[in-house]
1. So, Glu492, is that one within 22 Å of Leu386 (Cβ to Cβ), over 40 Å from the mean Cα position of the chain (by Cα) and not in a helix (DSSP H, G or I) or not?
2. Can you name the residue in the stretch 163-184 that is over 23 Å from Pro81 (Cα atoms) and either of a type in the set (Ser, Thr, Tyr) or in a strand (DSSP E or B) (or both) and is also nearest to the chain's Cα centre (by Cα) among such residues?
3. Exactly one condition in (1) in contact with a helix residue (DSSP H, G or I) (Cβ under 9 Å, 6 or more places away or on another chain); (2) closer than 13 Å to Trp296 by Cβ; (3) not acidic (Asp, Glu); (4) not in a strand (DSSP E or B) is not met by Tyr262; state its number.
4. Among (1) at pLDDT below 90; (2) farther than 26 Å from Asn498 by Cα; (3) surrounded by 13 or more Cβ atoms within 10 Å (Cβ to Cβ); (4) in contact with a helix residue (DSSP H, G or I) (Cβ under 8 Å, 6 or more places away or on another chain), where does Val405 come up short?
5. What tally of residues in the stretch 419-458 results from selecting those that are more than 20 Å from Val393 (Cβ to Cβ) and not hydroxyl-bearing (Ser, Thr, Tyr)?
6. With Ser254, Ser286 as the choices, which residue is crowded, with 18+ Cβ neighbours inside 10 Å and assigned to a strand (DSSP E or B)?
7. Listed residues Glu280, Glu211; which is modelled with pLDDT of 95 or more and either more than 18 Å from Thr342 (Cβ to Cβ) or surrounded by 15 or more Cβ atoms within 10 Å (Cβ to Cβ) (or both)?
8. Test each condition in (1) in contact (Cβ under 8 Å) with a residue 60 or more places away in the chain; (2) in a loop (DSSP other than H, G, I, E, B); (3) closer than 23 Å to Ala154 by Cβ for Gly23 and report the one that comes out false.
Amino acid sequence: MPTFNKDLFISYAHIDNQPLTPGDKGWITRFHASLEALLSMKLGQTARIWRDDHLQTNDVFADEIVDQFAQTAVLVSVLTPRYLNSEWCTREVAEFCKRAEQRGGVTVENKSRIFKVLKTPVDTQESLPSAMKGALGIEFYTTKDEVPLELDAAFGEEYAQAYNLKVNKLAYEVAQLLKKLATDTGDNAQDAQVSAKATVYLAECSYDRKEIREILEGDLQCHGYTVLPDRQLPRDEADYIAAVQSLLERCTLSIHLIGDNYGAVPDGPRQKSVGVLQNEFAVERSKSDALQRVIWLPEGTTSEQAQQQAFIKALHDDADVQFGADLIIGDVETLKTSIHATLKKLEKPEPKQLEAQTASGDGTKLIYLICSEKDRKATVPVRKFLREQGFEVATPVFQGDASVVREANRQSMSHCDAVMLFYGTGDEGWKHTQDNELKKMPGYRDEKPLLASYTYLAEPKTADKEDLIEMEDMKKPTIDGLEGFSPVAMAEFMQVMNAAGKTS
């Protein structure tokens, strides 16, 4: 790769650097200083950033600026309505692209040398070169009372913090690219290490989850993972679907962040949001190629929009919509923990060790007795009876790191021969959640048959439990233990298990 004597050029429109208050520094001036400080820290040396700080609206395009583009590694364009309407600004971008193509290319290992900073929303980017249109931009604005508001300390501490986080993200991404440019692109140990890391599909989301998405993207990139989409996706439905399917084929994990807003809808006959469409195609990929999935749906998430509420309900209730996914309802830290646990498992699978924890070495049939933590003691008579009959019994793990607990319980579902759901002190909501988890079992078991799945009804009596007894649903058989444990009540379950034998 060629060497450069300047790290970065900031391209901007003069009007966008006017201070809000006379005597203050303009937004671009402060942005330049912040980026230079953070980029220098990440590079371990002074960042060489430059811009034309003498711009005038009637200036003739200067050859002296263009000549320096050949020696500049990265371009940062601050996009605003004025920028896109400025012949000067759009020519700067075009000239940089031309010089970049002559010296190493506009992209390096699929990473663009052009970064877009969206200071304010823009209606179109048609005036930009094609190499820049598809690049992802970092939004330096938010929405307040349904009005776009740029991130500026002048509006308060909240906006100052958000601004600093965005500059930090940009500085990190620029630093990573500069390091790539400074090293050979041939086969080396560092490239091999990076390529060994998983590629993650971090699904596009509605605006109310964008901040979390950016946090996750930065976290994953810091840990060396490739995060897709790495470019702006089409908004035509057919092209959008093709792009999503193509990107998913490159990934081993997809992450979906669900909020209370339905989100953008690509232009086409389906009229489904990007969140719904990405979930559908991730499910397909999970079924065909075992794509691992994580869905974040924080507890209590609801929507006033009918379509989004229907999607939220389906994620809770429909095993097909949730197929292949861990549904995380905890906070962001719980989500991060789950994501990294999944990635660790993908990189270093330990199937034999996990199987040893959940299955008996002598082939004895394993029954997974699911209960709430409060009911652990109440299950003792049932567990003792089953062990006396020659079966191994496993119960859920309740204590420990959330991701470890979840994985241990999933392994019990994967390796057991039968399931018994102990419905005692848990309420109807708890029962509903467990039923949904059981619907996902086929995806964990690699076609291993399940000999039996029963619900054991224990005290206290409730209308729901009595309904289950009276309905006598053969597809959802029950054991009546409302009057206390009785071996007689276990007869049907034992008949099914004995017919299969106590050992494999």
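1. In short, no.
2. Filtering first and then ranking leaves Tyr172.
3. (2)
4. For Val405, the exception is condition (4).
5. Result for the stretch 419-458: 14.
6. When all the criteria are applied, what remains is Ser254.
7. Glu280
8. Status for Gly23: all satisfied but (1).
The values are calculated or read from the model by the stated rules, or taken from the named source; none is laboratory data. Keep in mind that what you see is a predicted model, and the values were worked out from it rather than measured. Methodologically, a virtual Cβ is constructed for each residue, glycine included, from the backbone with ideal geometry; neighbour enumeration extends over all protein chains shown.
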